[in-house]
C-alpha cells in the first residue's frame with residue numbers, strides 16, 4: 001500500500017507542522033499529557049436493512065480501513081498497529097505519544113445532538129461567525145431547537 005500523506009504536501013508546509021498539548025489551568029480535570037484526539041468514521045447501519053451485502057461491507061471495512069488509514073499516516077478509530085517504518089517525523093512523534101495518552105475519553109458535542117438540532121446548529125454557526133446574529137440569539141435559537149427536537153428523537 002502506498003503512503004500518500006507526506007508526498008502530497010508542499011515541502012514548506014510539510015516540514016513546519018507539529019502538534020502540542022493544550023495548556024491546563026488551575027482546577028483542570030485533564031493532565032498536561034492528555035490530548036483531544038478526534039477519530040471516527042461517521043457511519044451508522046440500519047438494522048432494518050442489514051443484509052448479507054451490508055455484512056460483507058462491514059467485514060471489509062473492519063479488515064481494510066485501519067491499514068488504509070495508517071498508510072496515510074492517520075490513526076484509525078478501529079484497532080490497528082500504526083506504521084513505524086518509513087513515515088514522516090511528525091507521524092513518528094505522534095506514534096511515540098500513543099502510550100502516554102490519558103484514560104479520559106472525550107465525546108464530540110455534535111454526536112450528542114439529534115439530527116435536526118445538529119443541522120440547525122451548523123446553519124446558525126455560519127450566521128454567528130458572519131455576524132448576522134449575536135451569541136445570545138444563537139444560544140436562544142439552539143436551546144429552543146434542542147428543547148423541541150431532542151425529546152422527540154431520543155424518546156424522552
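Output the Cα-based Rg and Dmax of segment 110-154 in Å, rounding Rg to one decimal and Dmax to a whole number.
Rg and Dmax of segment 110-154, Cα atoms, are 10.5, 32 Å.
Taking 2.2 N^0.38 Å as the expected size of a compact globular protein, what ratio does the Cα radius of gyration of segment 40-156 give against it, to two decimals? If you can, show how the numbers build up before the last one.
Values: Rg = 19.8 Å, N = 117, 2.2 N^0.38 = 13.4 Å.
For segment 40-156, the normalised Cα radius of gyration comes out at 1.48.
We did not get these values from a lab; they are worked out from the coordinates using the rules stated. From a predicted model like this one, the values you see are computed outputs, not experimental measurements.
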